[in-house]
Amino acid sequence: AGTCALVAGDAAPLRVYAPTFLMADIGQSTPYPRRLNTLSVTLLANVQLQAGSSVTLSNLGGAQAATGAMDVRSGFGFGATAFASFSASNNAAATAGQGAWDLQARS
């Protein structure tokens, strides 16, 4: 990734861009099976995410963790922000600093 390139028309008055992620990367601490593994997710939006927004990570095939709350921490880098709260996929509130994991849905 690098600096965003200008496109023809970028300087036009009242130009509006659709919300999108400028960066969306995922990595893991180890490639070995049956080991404790930390997933690192980097998201960079071109707009500020509003209170009540949610981000769902899905299709995590092979992931094995008990259904329930899972710790989520802030990362490193420019503008890294710790999430204040999360909601489970069923809209039940989760504890601040935690996300909800569903083993059956793998999300």
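Figure legend. Inter-residue proximity from the stretch 15-42: first residues touching a residue at least 12 places away in the same chain (Cβ under 8 Å), second residues among the hydrophobic types (A, V, I, L, M, F, W, C) and part of a loop (DSSP other than H, G, I, E, B), beta-carbon distance below 7 Å, spacing 6+ or different chains. Indicated pairs: P19/V47; L22/C4; M23/A1; V41/L57. Checking the stretch 6-15 against the condition returns a match, with at least one residue being at pLDDT below 80, out of contact with any helix residue (DSSP H, G or I) (no Cβ under 9 Å at 6 or more places or on another chain) and of a type outside the set (D, E, K, R).
Residues that are modelled with pLDDT under 85, in a loop (DSSP other than H, G, I, E, B) and open to solvent by less than 100 Å² (accessible area, probe 1.4 Å) within the stretch 16-42 comprise N37, T38, listed in sequence order. Tally time: how many residues in the stretch 52-74 are farther than 15 Å from P19 by Cβ, among the small types (G, A, S) and either part of a strand (DSSP E or B) or open to solvent by 60 Å² or more (accessible area, probe 1.4 Å) (or both)? Residues in the stretch 52-74 being farther than 15 Å from P19 by Cβ, among the small types (G, A, S) and either part of a strand (DSSP E or B) or open to solvent by 60 Å² or more (accessible area, probe 1.4 Å) (or both): 6 in total.
The values are calculated or read from the model by the stated rules, or taken from the named source; none is laboratory data. Keep in mind the model is a prediction, meaning the values are calculated, not measured. Glycine also receives a Cβ, built like all others from the backbone with ideal geometry; neighbour counts cover every protein chain displayed. These accessible areas exclude ligands, DNA and RNA; they are computed on the full protein's heavy atoms, side chains included. Shrake-Rupley method; radii C 1.70, N 1.55, O 1.52, S 1.80 Å.
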